[in-house]
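S.K.: For reference, the structure I am asking about is given below.
The values are calculated or read from the model by the stated rules, or taken from the named source; none is laboratory data. Being a predicted model, the structure only gives us computed values, none of them experimental. A quick note on method: Cβ atoms are made from the backbone with ideal geometry, for glycine too, and the neighbour counts reach across all protein chains shown.
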């Protein structure tokens, strides 16, 4: 009888504990809004939820990167747009200062304004973001992109050509900055030629810059320097021909020289003194291209305007250089702004797509693991009834005595 009593007691107690455990589980599922409290509840579902959580964390990081990237690109866009207005002002001042009626005082006034623009541009080119990184310095973004050399007085780029890219989706990475090397440094000075030999009083100059620039770009040979040597040969009868490295051009460039009249060749004007004896020859060459930046361009222009002894021809040359280099820099900035606009569009599109993915991820996770409110409440109620039933049974078993068995 003792054995039977113990068995009934243990069964009743086990029933109470099981009912209590099931009710606690249902209540926990309801409070945590999930039916998967441990992998044992649904191994396949738990694995899917884990995968979805990892995907969510990854997409959230992409969104964080997108916000940071957008802030950096917006800052760069603001800076470049401000610079673009300054370049237009420099061009306007350069054209105005070419007026032959300007006095030295008026030129100095223009130079003073250009100095202020130069200072502003230097500040903008050394713009730093919220993290203290110089946005145009490439990977060397802990130091200013541009500094003035105390010895030469030239403004030098101290960064590199790198750009820091951020991942905004599994397959898309966008640059968060543009190096000043590609925007401000890749600016060729105005293409020119150098006269190496000419008769006295010869006047050789670029007459059409566009035509000459096209000729330079199509013919400069960096591999064979001898091919950059040209000459104008005029024989005793006045017949002339242009040669490259001593060889006739294809097609030949020939003609008849008339004293007092100029000869033109790919934008270059050759003017010889009327007293120049024939035969004669002019040798010239195409020197290697040089690059500069807008700060040094302005430095040269300001110095020229402040020089009271500069000739009109010298000033015209500086003006031509300035306009050429400012225009090229402005074009680089325009290209950079267009590229920025494209990246911002991609950024917005990917950001919105990621937001949609997060919503879909949350919905899929809810379908797998989220508890059904009605079912959870029903389960709690059912387990509550079961607990009451086994509790009553346990009370009866626990109050049974030996006399109950004897009866």
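S.K.: Restricting to region 144-159, name every residue that is over 13 Å from residue 180 (Cα atoms) and assigned to a loop (DSSP other than H, G, I, E, B).
M.R.: Listed by number, the residues that qualify are 149, 150, 151, 152, 153, 154.
S.K.: I'd like the residue in region 160-190 that is assigned to a strand (DSSP E or B) and surrounded by fewer than 20 Cβ atoms within 10 Å (Cβ to Cβ) and, out of all such residues, is nearest to the chain's Cα centre (by Cα).
M.R.: Checking each candidate, the answer is 175.
S.K.: Let me ask another. If you scan region 159-174, which residues turn out to be in contact with a strand residue (DSSP E or B) (Cβ under 8 Å, 6 or more places away or on another chain), modelled with pLDDT of 90 or more and farther than 24 Å from residue 358 by Cα?
M.R.: Answer for region 159-174, where residues must be in contact with a strand residue (DSSP E or B) (Cβ under 8 Å, 6 or more places away or on another chain), modelled with pLDDT of 90 or more and farther than 24 Å from residue 358 by Cα: just 159.
S.K.: A further question follows. From the list 367, 356, 313, exactly one residue is at pLDDT below 90, within 30 Å of residue 263 (Cβ to Cβ) and surrounded by fewer than 19 Cβ atoms within 10 Å (Cβ to Cβ). Which is it?
M.R.: Sole residue among the options that is at pLDDT below 90, within 30 Å of residue 263 (Cβ to Cβ) and surrounded by fewer than 19 Cβ atoms within 10 Å (Cβ to Cβ): 313.
S.K.: Would you say residue 145 is at pLDDT 90 or above, assigned by TED's automatic domain parsing to the domain that holds residue 322, touching a strand residue (DSSP E or B) at 6+ places or on another chain (Cβ under 8 Å) and surrounded by 15 or more Cβ atoms within 10 Å (Cβ to Cβ)?
M.R.: When the stated conditions are applied, residue 145 passes them.
S.K.: A further question follows. Output the number of residues of region 124-143 satisfying the condition of being farther than 18 Å from residue 182 by Cα and part of a helix (DSSP H, G or I).
M.R.: Within region 124-143, residues that are farther than 18 Å from residue 182 by Cα and part of a helix (DSSP H, G or I) number 0.
S.K.: Could you check region 205-222 and list, in sequence order, the residues that are modelled with pLDDT under 95 and not in a helix (DSSP H, G or I)?
M.R.: 205, 206, 207, 208, 222
S.K.: Sticking with this structure for a sec: If residue 281 satisfies all but one of (1) touching a residue at least 60 places away in the same chain (Cβ under 8 Å); (2) over 26 Å from the mean Cα position of the chain (by Cα); (3) not assigned by TED's automatic domain parsing to the domain that holds residue 202, what's the number of the condition it fails?
M.R.: (3)
S.K.: For region 287-314, how many residues meet the condition of being part of a helix (DSSP H, G or I) and under 37 Å from the mean Cα position of the chain (by Cα)?
M.R.: Counting residues in region 287-314 that are part of a helix (DSSP H, G or I) and under 37 Å from the mean Cα position of the chain (by Cα) gives 12.
S.K.: I'm told residue 272 meets every condition in (1) more than 31 Å from the chain's Cα centre (by Cα); (2) in the same structural domain as residue 180 (by TED's automatic domain parsing); (3) crowded, with 19+ Cβ neighbours inside 10 Å except one. Can you identify the failing condition by its number?
M.R.: (2)
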